[in-house]
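Comments concern the structure below.
Laboratory data are not the source of any read-out in this text; all were calculated from the coordinates shown. These numbers come from a predicted model, not from an experiment. In this analysis, Cβ positions are derived from the backbone assuming ideal geometry, glycine residues included, and neighbour counts consider all displayed protein chains.
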Number of protein chains: 2
Amino acid sequence: MGTMKINPEHEFDGQFSINTSSSRLLDPEEFRRQGHMMVDFLADYFQNIEKYPVRSQVEPGYLKKLLPDSAPYKPEPIAKILEDVERDIFPGLTHWQSPNFFAYFPCTSSTAGILGEMLSAGLNVVGFSLIASPAATELESIVMDWLGKMISLPKTYLFSGGHGGGGVIQGTTCEAMLCTIVAAREQMLEKVGREKVDKLVVYASDQTHFSFEKAVKISGIKLENFRVIPTTKDTEFALDPKSLSRTIEQDIKSGFIPLFMCATIGTTSTTVVDPLKLLCEITKDYGIWVHVDAAYAGGACICPEFQHFLDGIENANSFSFNAHKWLFSNLDCCCLWVKDPSALTNALSTRPECLRNKATDTKQVVDYKDWQLSLSRRFRALKLWLVLRSYGIDNLRNFIRSHVKMAKHFEQLVSMDERFEIVAPRNFSMVCFRVSPLALGNKQVNKFNMELLESINSCGNIHMTHALVGGVYMIRFAIAAPLTEYKHIDMAWEVICNHANAMLDVN
Amino acid sequence: MGTMKINPEHEFDGQFSINTSSSRLLDPEEFRRQGHMMVDFLADYFQNIEKYPVRSQVEPGYLKKLLPDSAPYKPEPIAKILEDVERDIFPGLTHWQSPNFFAYFPCTSSTAGILGEMLSAGLNVVGFSLIASPAATELESIVMDWLGKMISLPKTYLFSGGHGGGGVIQGTTCEAMLCTIVAAREQMLEKVGREKVDKLVVYASDQTHFSFEKAVKISGIKLENFRVIPTTKDTEFALDPKSLSRTIEQDIKSGFIPLFMCATIGTTSTTVVDPLKLLCEITKDYGIWVHVDAAYAGGACICPEFQHFLDGIENANSFSFNAHKWLFSNLDCCCLWVKDPSALTNALSTRPECLRNKATDTKQVVDYKDWQLSLSRRFRALKLWLVLRSYGIDNLRNFIRSHVKMAKHFEQLVSMDERFEIVAPRNFSMVCFRVSPLALGNKQVNKFNMELLESINSCGNIHMTHALVGGVYMIRFAIAAPLTEYKHIDMAWEVICNHANAMLDVN
C-alpha cells in the first residue's frame, strides 16, 4: 500500500491564538484555581441546602426563557457560570441531597462519594479491557469482593471464592437486568436451539420494578411471554412461591421454556421482600436463571441483622444492588455479582482486532467490556473504594442503622396519631402511610391522600412520593439522604400534620 | 387496611456514636477540607503526568498483592487514601490524559469537563423525569440544541426546529445504537406484524464499530440477518453504496425486511468517512432507519470546514457522537439526536404509577427515562454546558484545529522519512502509518510493525495502538489529549525513529 496524499480540501488556513486562561484545555494551575472555587461552591450549597424548596417549584419550560438560544462564541469565566447555576439552575432542581428529601428511593451522596467522582473524572481513564488501564479493572474486582464479603454473599459470587464467580460495577439496575437476561437468553438458546426464542418465558411479580419489563422488551423477548404474577395482601404483596410454581407448570405444559425470574429484596412501592429461599427451591428444578434485585435494600445487608433477607441467594444466579441508593456512593454505581461470568461474557464479548493485546489473548484476565452493554466505562471503582475506606464498615453500618432508627421513629409518630395509619410493614428505612379512612368520614380516601401529598410537595418544605398497591394510595416516606437527622423527621411530621389539619378542617 | 405491627426481629439494639469527622456522611466543612485536598492532588497529577509511563507497565494481578482482602472496619483518613492512590493505583494506570497518549481514540478531559463532573456529583440529582429535577431535563434539551446548531445539524433534529426532533445525552455510543435499533425494530414490527421479527435485516460495513454488532445481538435480532458489507481499498474502506444497494435488493428478493443501517463518519481503524449522502439516497427508498455514528469525528464538525462530512444527514434518522472523545467533556457524554423521538419513546417508555405526576400526564414534557435504556441518569448536561461556556465556540474550534494541525505535522514527519509510509488518508487528527515494506527487505512487514509498536509501548514514553485493515497492520497515531503540544509530537516521532532504528539495525 503506497503513501497516500493528504486531501487538500480539508485544509484550514485561518489564524488562531491560544493565550488566555480559557484557551488551554487543562492547565494545572488554572484547574487548581477553578477547582477550589467549585469545592467552595459545593460546600456552601450543602451548608445552605435547606433554604431551597426541596421539590422544585418551577413551571415546565422555565429555563428556556432564561438561557440564550445558542452557545457563546467567546469564553465565559467560571465565576459567572457559577452565578448562573445558583440563579437559573437551582430553582429548577429538586434537591435530592436535602435532609428533607424523602421521595422515591434516595440517591445518596457523601463526601467520599463526591471525592471518588472527582478523582475518577480527573484521571479520566477508560478501563474497557485490562490493558487499557489495569488498575481500573483490578481495583473493581477487589472492591466488588470486599463489598460481597460485607453483605456475606456466598463465595460462589466472589472472585476470591474459587468457583469462578465475580462482580462488576454497572451504571444502573436496568443495565444489570438487561445484561443478565441476555446472558440467560444466549445460554438457553445455545442449548435448545435459536429457533425456540419465541418460547422463552420470564417471570416477575406485579411489584417487580418496571425496569425489568423494559429490559425484557429491549432484549427482544416477546412481551406475551412476560408473566407478571399478581401479588395480594395475604402475602403482604410478596411473590407467592405457589403462584410461581403453578405458572411455571402451566407454561411447561403449554410448550414454553422457563428462562428467567426476577426476585426483589425491597420492592419500590413498599419495600416488600420476596421469599427468595422458597422461590429458588422452585426455580432450580427448572434451570431458571434467577436475578435478585435489591436496588435499594441491598445496602442494608452490610448489617448482619438484615442479611437473613438474602437467604436462598446461594441458589440464585445473579444479584445486584445500587451503592448509589443506600450506600452513599453517588450516581451511578450498580453492583452486580454473577456466579457464572462466562454466561455474561459469552453473550456480550467482542474481540475486535483493534483492541487485541497480549493480556486478553491469555484469556486469564477480566475485560469488563465483556461484562456490560457498553465498551467505554468510567473508573467507578475508585468511588466505591473511597466510600468503603473513608467510613469503614463500622460507620457505614451506623449510617444504615441510624436511617432505620429514624424510620422507626417516624413510624411511631404516625402510629400514635389515630388519624393516620401505616399501610405496609416497614422492613428498612421507608414508611408507607396514609390518612386513615376512619378519619375521613365520607371523603374519598385515595383522593384525599393524593391531594394531601400534592399540598405538602407544593410547599417545598419536604418532598415525598406515593405508591398505589392493592388499590390503596399511600404516601412513601423514605429516609437515607446524607444530611437527614432526627430533627428533620420531627419537622417533616409537623409539616404533614399541619397540611392534614388544614385539609381536615381541624384547628 | 389496618395499621400493621413492626416486625421486632429486625430490631437493632446496639449502641453507636457519630462524633468523628468520618462519622458524618456529608459535613459541609469536612467536604470543603477534603475537596480542596483532592483538587490539589489532581492539579499536581496534571503537573507531573509526564513523569509516569503512559501505558501502565504492571503485570496482570499486581494490585491484589498490594491491597488487603477486605474493607477496613474503621475509617481511614483521606490523606492516607491519596497516598495509596499515588503509590498503588498510579502504576496501574494507563494515563489517558497524558500529552504522550496517542492510543485508541482519545477520551478527553478538560478543566471545564472535570468541573462539570464535580458539580454534577455534588448536586447528585436524578433527572429521570422532568418533575424529578426540571433543570436536569431542561438544561439537557437546551445544550443539545446548542451543540446541534454548532455542528449545523438540520433543524429536523433540534427541539427548536419545529419538526419534533430533539437530542439526549447517553453514556456511550453502544447505548445510543441499542436504543435506536430497538426504536426502529418496534416501529417496523408495529407496521409489518411482530411475527416478522426474524425477517428484519440490519446493515453495516466491515469497518463499522464492533459495538454495533453487539447492540444488534443484545436487541435479539438474528445475527444471520446482520449484513456486514465488505469494503475495499478502492473506496479507501468506505461503505460502497453500490454494494449496499445490491445487498438490500437481494434481501428484498429473499423476503427479508431491511430495517437499519449504521453509517460511520470517521471509522475506528482509519477514520474513513462513509458517503452518507449516497447511502441515504438508497436507504430512503426502503424506509431503512439510518443511524450515523461519528463517535470520534463528530467533535470536529463544530468547525465549518468539517461539516461537509455530514452532507446527507438530513435523510438519516439519528446521529450520535461522543463529546467525551473529541469535545473535552470527560467520560461519559454521548450526544444522540433523533428526528422522531416518538419512535424512541414508543419503544422505551414506561408509565409506572409510582412515577406518575402532573407534568408527565400532560404529555407535553420530555421525560428522558423514555429516551434511554435506564431509569436513572446523571446530570451530564451540566458538564457539556460548562465546556461550551468555559471555552466558547471560538476556542473549541481552535482546540480541534490545533489537533488537526499537529496531525498534519506528524504526517509530514512520517512522509519525509522514506522508511515509513502513510497507509490511510488522514481526515481528522489521526495518522495511520507503518514502516514500509521497501525498508524491510525480506522481513515480514506486519510482524515487524507489530513488534515495533510493542517495543515502543513497553518503554512507556508514548502510547499508540494498531489497526489491521485489508491485511495491512498499521500503527495509529491519534491526537487529542488535552495537554498535547507540538513538542510532544516531535518527541513522539523521535521515540518512534529510535525504536525503528534499533530494530532496523541502523546507528
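Working from the pairwise distances between different alpha carbons, so that the mean of 1/r is found and then inverted, what is the protein assembly as shown's Kirkwood radius in Å? It would help to have the intermediate numbers written out before the result.
Working: mean 1/r = 0.0343 Å⁻¹.
29.2 Å is the Kirkwood radius here.
Past the 29 Å Cα-Cα mark, which pairs from B:191/B:339; B:149/B:487; A:339/B:214; A:487/B:74; A:325/B:80; A:155/B:325? Let's see the in-between values first.
Details: B:191/B:339 19 Å; B:149/B:487 34 Å; A:339/B:214 22 Å; A:487/B:74 27 Å; A:325/B:80 27 Å; A:155/B:325 39 Å.
Check vs 29 Å cut-off fails for B:149/B:487; A:155/B:325.
When only C-alpha pairs under 8 Å and at least 6 residues apart count, what is the relative contact order of segment B:27-95, in percent? Walk me through the numbers before you get to the answer.
On the way: 25 pairs, mean separation 36.7, N = 69.
Relative contact order comes out at 53 percent.
Can you bin segment A:291-352 into rounded, prolate or oblate? Criterion: square roots of the alpha carbon gyration tensor eigenvalues sorted a ≥ b ≥ c, rounded for a/c under 1.5, prolate for a/b above b/c, oblate for the rest.
Numbers: a/c = 3.70, a/b = 1.47, b/c = 2.52.
Judged from the Cα gyration tensor, segment A:291-352 comes out oblate (a/c at least 1.5, b/c at or above a/b).
Note down the magnitude of the dipole of chain A about its Cα centre, charges +1 on Lys and Arg C-beta and -1 on Asp and Glu C-beta and zero elsewhere, to the nearest 20 debye.
Numbers: 51 positive and 57 negative charges, 163 e Å.
That gives a dipole near 780 debye.
Could you estimate the translational diffusion coefficient of segment B:98-231 from the Stokes-Einstein equation, with Rh from the Kirkwood formula over C-alpha pairs, at 4 °C and 1.567 mPa s, in whole µm²/s?
It comes out at roughly 71 µm²/s.
Using only Cα positions of chain B, each an equal point scatterer, no hydration layer, compute I(q)/I(0) via Debye at q = 0.05, 0.06, 0.08, 0.10 Å⁻¹ and quote the log10 values to two decimals.
Evaluating at q = 0.05, 0.06, 0.08, 0.10 Å⁻¹ gives log10 I(q)/I(0) of -0.24, -0.34, -0.60, -0.90.
Enumerate the aspartates and glutamates that residue A:284 could reach by cross-link, defined here as Cα to Cα under 20 Å, with residues fewer than 8 away along the same chain left out.
A:186, A:190, A:240, A:249, A:251, A:274, A:293, A:311, A:314, A:340
Residue by residue through segment B:156-172, which ³J(HN,Hα) values in whole Hz follow from phi under the Karplus form 6.51 cos²θ - 1.76 cosθ + 1.60 (θ = phi - 60°), with glycine and proline marked x?
Result, rounded to whole Hz: 4, 9, 9, 4, 7, x, x, 10, x, x, x, x, 8, 9, 9, x, 9.
If you keep only loop residues by DSSP, which chymotrypsin sites (Phe, Trp or Tyr not before Pro) in segment B:197-286 have at most 14 other Cβ atoms within 10 Å of their Cβ? Intermediate results must be reported in sequence, preceding the final value.
Values: sites: B:203, B:210, B:212, B:226, B:237, B:256, B:260, B:286; in loops: B:237, B:256.
In loop regions of segment B:197-286 (DSSP not H, G, I, E or B), there are no sparsely surrounded chymotrypsin sites (Phe, Trp or Tyr not before Pro).
Would you kindly work out, in nm and rounded to one decimal, the distances from the label point of residue A:236 to those of the same position in each other copy, ordered shortest first, with label points 7 Å along Cα-to-Cβ?
Computed spacing set for this position: 6.8 nm.
Taking the label point 7 Å from Cα in the Cβ direction, how far apart in nm is residue B:70 from each other copy of itself, listed shortest first?
6.1
How big is the dipole moment of segment B:351-423 about its Cα centre under a simple scheme where the beta carbon of each Lys and Arg is +1, that of each Asp and Glu is -1, and everything else is neutral? Debye, nearest 20, please.
540 debye
What list of ³J(HN,Hα) values in whole Hz, one per residue of segment B:311-321 in order, does the Karplus curve 6.51 cos²θ - 1.76 cosθ + 1.60 (θ = phi - 60°) give from phi, with Gly and Pro shown as x?
3, x, 4, 4, 9, 8, 10, 8, 8, 9, 8
Taking H as built 1.01 Å from N, whose amide H comes closer than 5 Å to the amide H of residue A:205, not counting residues under 5 places away?
Amide H neighbours of residue A:205: A:229.
Report the one residue of A:279, B:127, A:450 whose Cα lies farthest in the direction of the positive end of the charge dipole of the protein assembly as shown (charges on C-beta: Lys and Arg +1, Asp and Glu -1; origin at the Cα centre).
Farthest towards the positive end: A:279.
Spelling out what I want: for every residue of segment A:395-408, take phi, set θ = phi - 60°, compute 6.51 cos²θ - 1.76 cosθ + 1.60 (Karplus), and round to whole Hz; glycine and proline get x.
Once θ is set to phi - 60°, the couplings for segment A:395-408 become 5, 4, 4, 4, 4, 4, 5, 5, 5, 5, 4, 5, 5, 5 Hz.
Based solely on its DSSP helices, what 222 nm [θ] is calculated for the protein assembly as shown when runs of n ≥ 4 H residues each add -39,500 (n - 2.57) and the sum is averaged over all residues, nearest 500 deg cm²/dmol?
Working: 30 runs with 402 residues, N = 1014.
Helix contribution divided over all residues of the protein assembly as shown: -12500 deg cm²/dmol.
Give or take rounding to whole Å, what are the principal axis extents of the alpha carbon atoms in segment A:162-215, in descending order?
37, 32, 16
Once amide H atoms are built 1.01 Å from N in the peptide plane, which residues 5 or more positions from residue A:469, or in another chain, come under 5 Å H to H?
Those qualifying (amide H under 5 Å, at least 5 residues apart or on another chain) are A:474.
If the convex hull of the alpha-carbon atoms of segment B:397-507 is projected onto planes in all directions, what is the mean projected area in square nanometres? Please list the in-between numbers first.
Details: hull surface 27.7 nm².
Taking the Cα atoms of segment B:397-507, their convex hull projects to 6.9 nm² on average.
7 Å along Cα→Cβ for the label point: how many nanometres lie between residue A:349 and each equivalent label in the other copies, listed shortest first?
Copy-to-copy label distances at residue A:349, shortest first: 4.1 nm.
Just for the Cα atoms in segment B:27-95, what are the lengths along the principal axes, largest first, rounded to whole Å?
40, 33, 12
Show me, bin by bin at 10 Å from 0, the whole-percent P(r) of segment A:323-438 based on Cα pairs.
P(r) for segment A:323-438, in whole percents per bin: 11, 26, 22, 20, 13, 7, 2, 0.
Just which residue of chain A brings its Cβ nearest the axis of rotation onto chain B, and by how many angstrom, rounded whole?
Chain A residue with minimal Cβ-axis distance: A:220, 1.
How many angstrom lie between the C-alpha centres of segment A:422-441 and segment B:431-507?
Each part's Cα centre sits 69 Å from the other's.
Run through segment A:14-98 and list the chymotrypsin sites (Phe, Trp or Tyr not before Pro) located in a DSSP loop whose Cβ has at most 15 other Cβ atoms within 10 Å. Show your work: numbers first, answer last.
Details: sites: A:16, A:31, A:41, A:45, A:46, A:62, A:73, A:96; in loops: A:16, A:62, A:73, A:96.
Sites meeting the loop and neighbour criteria: A:16, A:73.
Using the scaling law 2.2 N^0.38 Å as the reference, what is the normalised Cα Rg of segment A:115-388? Kindly include the intermediate steps, with their values, before the conclusion.
On the way: Rg = 18.3 Å, N = 274, 2.2 N^0.38 = 18.6 Å.
So segment A:115-388 has a normalised radius of gyration of 0.98.
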